[in-house]
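Scroll down for the structure; my scribbles are underneath it.
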Ligand SMILES: Cc1cc2nc3c(=O)[nH]c(=O)nc-3n(C[C@H](O)[C@H](O)[C@H](O)COP(=O)(O)O)c2cc1C
C-alpha cells in the first residue's frame, strides 16, 4: 500500500505528522509528505486529516458514519461487556452470513502490535465441527489415559494439572472424549455450530502474535454478542494442538501458531443476572 498526501488539498496544518506513530511525515514548503520507509500503514494520517488530503493507493479512506448520537457508557458496559457470557448450550440455527462477515471484519480491523496484521482465521462450520472435535479428542485421550491410574495422576499433578487430576474428573472426561470420537458428545465445543481458530506466524509474531489474536478474538466475540450470537473461548482445544503435527492436521500452516480458539452460535440459554467477580487491587 502507498500512502501519499495530495498537495492541492493539504493545508500543511501538521496534524498528520503529530499523529503518526512511526514519525515518517515531514513538513515541506507547501504540504506535508509521507516518507514510505518506516511507514507502518496504520492510516492515522488519513483518519486525522481535517481536509481529507491523504490517499491510499490513490483512494480516500472510508469515512466514519455521520454522527447518529453518542453511545451511552452503560450501553457498552452493562449491555455488552458485562453481559457477555461463555455460552455452552447452542441452538442448531446456522449463523447468519452477514453477521459472520461483520464478526470477521471486527477481527480484521482490530489493532495489532506495530500494525503488523499477522492474524488470520480458520473457520469450522457444520459437519466440520464434530470432525474437528474428534481430532482433538484423539489427541486429548492420550493425555487423559495417563491419569486413569494413580501414578499417572501424580504425574499430572507434578505437571501443574492438579485441577484435572481427580479420579472422577479424569474418568468422566475420558468417557466424554470417547463419545466425542463417535460424534455422541462434545465436551470441547459444546455443540456449537461454528468454531473460529485465530492464528499468527510463529517467527514474526513471537512477541505479540498471541496478544494480537486474543484482542481480535475478544472484539469478534463482542461483535457476535451485539448480534445475539454467543461464544466461548476454548483453551482445551488450544492446549490439545500444542504440536505442529496436530495443528497441520486441522489445516494450520506449518509456520503458524494458534492464538485463540472460540465457538460461535446462537445461545439456547438466557442469562438474567451479572456474575460475582473479585475486585482488582487498586493502588490509590
Ligand atoms: C483463556 C480462556 C480459556 C477458556 N477455555 C475454556 C474451555 O476450554 N472450555 C470452556 O467451556 N470454557 C472456557 N473458558 C471460559 C471460562 O470458563 C469463562 O470465561 C469463565 O468461567 C467466566 O464465565 P463467563 O465468560 O461466562 O463470564 C475459557 C476462558 C478463557 C479466558
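The values are calculated or read from the model by the stated rules, or taken from the named source; none is laboratory data. Remember, it's a predicted structure, so these values are computed and weren't measured experimentally. Here the Cβ positions follow ideal geometry from the backbone for every residue, glycine too, while neighbour counts run over all protein chains shown.
Looking at 237, 224, just one residue is within 12 Å of the ligand (Cβ to nearest atom) and either at positive phi or in the same structural domain as residue 93 (by TED's automatic domain parsing) (or both), and that residue is 237.
Residue by residue through the range 16-42, note down the ones that are touching a strand residue (DSSP E or B) at 6+ places or on another chain (Cβ under 7 Å) and under 26 Å from residue 110 (Cβ atoms). Residues satisfying the conditions are 16, 17, 24, 25, 34, 39, 41. Within the range 45-55, is even one residue under 24 Å from the mean Cα position of the chain (by Cα) and either within 16 Å of the ligand (Cβ to nearest atom) or at pLDDT 95 or above (or both)? No, the range 45-55 has no match at all.
Determine, yes or no, whether residue 144 is crowded, with 16+ Cβ neighbours inside 10 Å, more than 22 Å from the chain's Cα centre (by Cα) and within 16 Å of the ligand (Cβ to nearest atom).
Taking the combined requirement at face value, the residue satisfies it.
Counting the residues of the range 80-112 that are within 15 Å of the ligand (Cβ to nearest atom) and not in a strand (DSSP E or B) gives 9.
The helices (runs of 4 or more DSSP H) falling completely within the range 118-199 that include 2 or more residues that are at pLDDT 90 or above and under 30 Å from residue 105 (Cα atoms) map to 128-146. Look at (1) free of Cβ contacts under 8 Å to residues at least 24 places away in the same chain; (2) under 19 Å from the mean Cα position of the chain (by Cα); (3) more than 12 Å from the ligand (Cβ to nearest atom) and you find that residue 264 fails only one, number (1).
Looking at residue 152, is it outside the structural domain of residue 205 (by TED's automatic domain parsing), in contact with a helix residue (DSSP H, G or I) (Cβ under 7 Å, 6 or more places away or on another chain) and surrounded by fewer than 17 Cβ atoms within 10 Å (Cβ to Cβ)?
Details: outside the structural domain of residue 205 (by TED's automatic domain parsing): yes; in contact with a helix residue (DSSP H, G or I) (Cβ under 7 Å, 6 or more places away or on another chain): yes; surrounded by fewer than 17 Cβ atoms within 10 Å (Cβ to Cβ): yes.
Taking the combined requirement at face value, the residue satisfies it.
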